1. Using the alpha carbons of the range 100-239, what is the convex hull volume per residue in cubic angstrom, as a whole number?
2. What residues of the range 121-148 lie in the reach of a label at VAL210, counting those whose backbone N is under 19 Å from a point 7 Å from the Cα along Cα→Cβ?
3. Can you give the log10 of the normalised intensity I(q)/I(0) at q = 0.20 Å⁻¹, computed with Debye over equal Cα scatterers of the range 119-185?
4. Using only protein heavy atoms and a 1.4 Å probe, report how much of TYR154 is accessible, in Å² to the nearest 10.
5. Within the range 50-146, what whole-number % of the accessible surface is contributed by carbon and sulfur, with the 1.4 Å probe and all protein chains included in the calculation?
6. Using a Förster distance of 30 angstrom, determine the FRET efficiency expected from the C-beta separation of VAL124 and ASN52, and round it to 0.05.
Amino acid sequence: MNTKVARHHRRRGRRQRGQEIIEFAFVALLFVPMFLGMFVTGMNLIMSIQANNMVRNLGDMYIHGADFSTYAYRQLAQRMGTGLNLQMPSFSGNVQSNTGSTGNGIIRITEVMYIGKTTDPNCVAAGAGSCTNHDSFVFIQRIVFGNSSLATQYPSSMGDPTGATISAQGSVSNYVTDATAKLPSGGQAAVVALWQTTANGQAPLTDGQVFYAAEGYFQTPSFNLGNSISQGVSVRSFF
């Protein structure tokens, strides 16, 4: 190479030194937030899959006789949700609601029945004049365990049997005649739209028929990276 040309290239190289770092910095401004967002979304997807599997399995166990008012079954739920940080205080016997102030999850296990017309068997047995909850969905059983703060922040999509008489096993008393056993208006409307429909050939529930629900919410505080924030995972399964 000509000596004069070589000197020119060396001078040019010295003037451009460090340019690659500046270019990388500009590219990083675009790609680093994107990679962080991909990480948060990916981790949240993994957690969502795990939460969905756990809640669906809890519902399947429930309809086959699992008693989640006992600590043994709640411990099993904890093991099934390893990594979701479901926590609750220990106890003995049966407890309808078992919530504490730690952990990242809340679980609700629910049985709901449809009460038909005043001429249907449930109302006839209670006395038509006393059948307060006719043509409505009512709570038969509700069990709750996990972090109590999440129960307030993320309520059940069906509402709660607030004011109803509930046993240690979670069973609701006088569900035909006690107005507080009836799903609240928002939950009632949501369940009616889901179950009392003829869409796609579906047959509406009739008097005395029940469905079961398992609901779970899990917050994901460890996945908060600047503006890439995962709010948590909410899942439910109906049976």
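1. It is 124 Å³ per residue.
2. Inside the label zone: 121-126, 133-145.
3. Debye intensities relative to I(0), on a log10 scale: -0.81.
4. 80
5. 47
6. Working from the Cβ atoms, E equals 0.15.
The values are calculated or read from the model by the stated rules, or taken from the named source; none is laboratory data. Everything numeric here is computed off the predicted structure, so don't read it as measured data. So basically every Cβ, Gly included, is an ideal-geometry build from the backbone, and we count neighbours across all protein chains shown. Surface areas here come from the heavy atoms of the whole protein model, side chains and all, with no ligands, DNA or RNA. Shrake-Rupley method; radii C 1.70, N 1.55, O 1.52, S 1.80 Å.
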